[in-house]
1. Which residue, Gly26, Gly81, Gly69, tops the fluctuation ranking in a GNM of the chain built on C-alpha contacts under 10 Å?
2. Anyone know which of Ile64, Ile74, Ile54 comes out most mobile in the 10 Å Cα GNM of the chain?
3. Ignoring ligands, DNA and RNA, what percent of the 1.4 Å accessible area of segment 26-84 is carbon and sulfur?
4. How far apart, in nanometres, would the label points at Glu98 and Leu30 be if each is projected 7 angstrom from Cα along the Cα-to-Cβ direction?
5. Taking springs between alpha-carbon atoms closer than 10 angstrom, which of Ala84, Ala39, Ala76 fluctuates most in the Gaussian network model of the chain?
6. If each residue of separation counts as 0.36 nm, what is the full-extension length gain between Thr60 and Lys16 once their alpha-carbon separation is subtracted?
7. Pairs to check: Lys2/Lys52; Lys15/Lys78; Lys52/Lys80; Lys48/Lys78; Lys15/Lys56; Lys56/Lys80. Give those whose C-alpha atoms are more than 20 Å from each other in this structure.
8. Starting from the Cα of Lys16, draw a straight line to each of the aspartates and glutamates and keep only those under 16 Å, dropping any in the same chain fewer than 8 residues away.
Amino acid sequence: MKISIAADHGGLELKKHLVEVISRSGYKVLDKGAHTFDANDDYPDFAKLVAKSIQKDETTKGVIICGSGVGASITASKFKGVRAAICHDTYSAAQGVEHDDMNVLC
């Protein structure tokens, strides 16, 4: 499975850590940015990159990290075939994938 991941400045450090964790778990990771800290970048730009990678079948799952996850989930879910949601626990994440076909975690 190949997973796309992106973050704005609010999630840059967490994204770097997650790229390592996901890779060590045996998954391929497509890092869509940000790659450097920019306090003026904005989550919709990165949500769009993850959503488009799923639409183009570059990846099957995605992770978007921003300040709260609310805007990222709304933005990504506007793209056909993308079902993004915020999950704060493993139960919600598992239910989202198994029962709602969620393919992007915010």
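1. Answer for the Gaussian network model of the chain: Gly26.
2. Ile74
3. Summing carbon and sulfur atoms, their accessible area is 52 percent of the total for segment 26-84.
4. Simple spin-label model gives 2.8 nm for this pair.
5. Maximum among the listed residues: Ala39.
6. So the chain would gain 13.8 nm between Thr60 and Lys16.
7. Beyond 20 Å between Cα atoms: Lys15/Lys78; Lys15/Lys56.
8. Hits, sequence-local ones excluded: Asp8, Asp31, Asp38.
The values are calculated or read from the model by the stated rules, or taken from the named source; none is laboratory data. Values in this document were obtained by computation on a predicted structure and should not be read as measured data. Cβ atoms come from the backbone with ideal geometry, glycine included; neighbour counts cover every protein chain shown. Heavy atoms of the whole protein, side chains included, go into the accessibility calculation; ligands, DNA and RNA do not. Shrake-Rupley method; radii C 1.70, N 1.55, O 1.52, S 1.80 Å.
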